[in-house]
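What follows is calculated from the coordinates using simple rules that are stated; it is not laboratory data. Values in this document were obtained by computation on a predicted structure and should not be read as measured data. A quick note on method: Cβ atoms are made from the backbone with ideal geometry, for glycine too, and the neighbour counts reach across all protein chains shown.
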Amino acid sequence: MEGNDKRKDHREISYQVGWKKGKIQWNEGATDALRAHKSNQEDGEMERRSLQVLWFPAMKLPHVMILPLLYALPVISFGCTLLLIYGLRQH
């Protein structure tokens, strides 16, 4: 029963990726870092929800308008690019 006396959370883990070898040791502050990471993920979830709210009106367009808009967008972008180039040439 010697194996049960050892604390499993302080063991070393060896790894090898290709030619690189290394060891991972237990970090006592890892739980604090994990909690901070989870709170950052929750912030990211809130950002994703706010972006969904921003894009929500675009989803309300009728399907009949989406396809022509999709085809017109590259033409509009190209025209804006030409307009910007023309403006730069004037200065």
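Take 82-88, 16-22 and order them by the average number of nearby Cβ atoms within 10 Å per residue, most first; the result is 82-88, 16-22. Here the simple spin-label model places points 7 Å from the Cα toward Cβ, and for W19 and V64 these points are separated by 6.6 nm. For the pair L51 and S77, a Förster radius of 35 Å applied to the C-beta separation gives a FRET efficiency near 0.95, rounded to the nearest 0.05.
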